[in-house]
Amino acid sequence: EIDHQEMSTNPGANLAAAVDSEIARFRELQDEIGKLRGDLQTLLGQINENEMVKQELELVDDGANVYKMVGPVLMKNDLQDAKETVAKRLEFISGEKKKVESSLSDKENKANATAAKVQELQGMMQRAAVEAARSIAAEQQTAKT
């Protein structure tokens, strides 16, 4: 049977619980980082696609017909309106990209700090285990004499 009072005063158990907690936090951050990287890839794809549309629109003569897909229907669109729409879309997507990059950087910094804390706690656990082993060995040595 486990004595819960003894466990709470056991520094090894406390350190192990702290390590487990930090590892769980690190995994959460890694999941969030993975999602943000996926979001960033999506935004980069959208930027690339819109840049290509922008370049295509630059090649079109002023009097040429431009069409825009609205649901299943192609609708005639003014060339200048199309250029403005693409420019606004690029501006918006670029803003979203900056937000995601900032959030990604923040999460990566937090993950790095959490990883360092896990290493520090694990080192403390190892030192505590060595100290406990020395203490037991010393007690056994004293008991023999």
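The values are calculated or read from the model by the stated rules, or taken from the named source; none is laboratory data. From a predicted model like this one, the values you see are computed outputs, not experimental measurements. Positions of Cβ are generated from backbone atoms using ideal geometry, with glycine treated the same way; all protein chains shown enter the neighbour counts. Only protein heavy atoms, including side chains, enter the accessible area calculation; ligands, DNA and RNA are left aside. Shrake-Rupley method; radii C 1.70, N 1.55, O 1.52, S 1.80 Å.
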Excluding ligands, DNA and RNA, the carbon-plus-sulfur percentage of the accessible area of region 11-143 with a 1.4 Å probe reads 53
Provide the net charge surrounding Met124, with neighbours chosen by a C-beta distance below 15 Å and charges set as Lys +1, Arg +1, Asp -1, Glu -1. -2
Compare Leu90, Leu43, Leu59 in a GNM of the chain, Cα atoms joined below 10 Å, and give the one with the largest fluctuation. Leu59
For n ≥ 4 DSSP H runs only, could you compute -39500 (n - 2.57) per run for the chain, divide by its residues and tell me the 222 nm figure to the nearest 500? -31000 deg cm²/dmol
Lys and Arg at +1, Asp and Glu at -1: neighbours of Val60 with Cβ under 12 Å from its Cβ sum to -3
Taking region 11-143 and dividing mean pair separation by its residue count, relative contact order in percent (alpha carbons under 8 Å, at least six apart): 43
Rg and Dmax of the chain, Cα atoms only, in Å: 29.9, 105
Whole-Hz ³J(HN,Hα) from phi, Karplus 6.51 cos²θ - 1.76 cosθ + 1.60, for region 82-91, glycine and proline x: 4, 4, 5, 4, 5, 4, 5, 4, 4, 4
Accessible area expressed per residue, region 11-143, with surrounding protein chains retained (probe 1.4 Å, Å²): 71
